[in-house]
Amino acid sequence: MISSDLKQHEKGNYTLIGDVENNELGYFDKPLPCFGFGIGWFCLLFGFIFPLLWYYATILYFRNYYQKDPRERTGLAASAIAALIFTIAVLIAVFVIFV
């Protein structure tokens, strides 16, 4: 005996699978911007060429940009740390040169 679900499947009638507890099922299936890296990791990598990108990502981090997509949080935090290290290095270099 074939179940009614299997009969419906053979007819091509499908039901959408949903999760009652998590209604955002499939929300994070779309790829991240900037070639799939996300803005934070993109800014971290290209910040070595153009360090102002680290500060841009830091501003996004402190303005809670990652609330739109939590996958962005780690890259933005890494860029904020890189901006902090770069700032300290520049301050030390300026202090050594001029003092």
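Read-outs: derived from the displayed coordinates by stated rules, not from any lab. What you see is a predicted model, and the numbers here were worked out from it, not measured in a lab. Virtual Cβ from ideal backbone geometry, glycine too; neighbours counted across all protein chains shown.
On alpha carbon coordinates alone, what is the Rg over Rh value for the range 41-83, Rh being the Kirkwood radius?
My calculation puts Rg/Rh at 0.95.
Can you tell me the FRET efficiency between Val99 and Ile59 if r is taken as the Cβ-Cβ distance and R0 is 25 Å, rounded to the nearest 0.05?
Values: r = 31 Å, r/R0 = 1.22.
Here the calculated transfer efficiency is 0.25.
From the phi angles alone, apply the Karplus equation (6.51, -1.76, 1.60; θ = phi - 60°) to the range 51-68 and give each ³J(HN,Hα) in whole Hz, x where the residue is Gly or Pro.
Values, residue by residue: x, 5, 5, 5, 6, 4, 5, 5, 4, 4, 5, 6, 8, 6, 4, 5, 5, 5 Hz.
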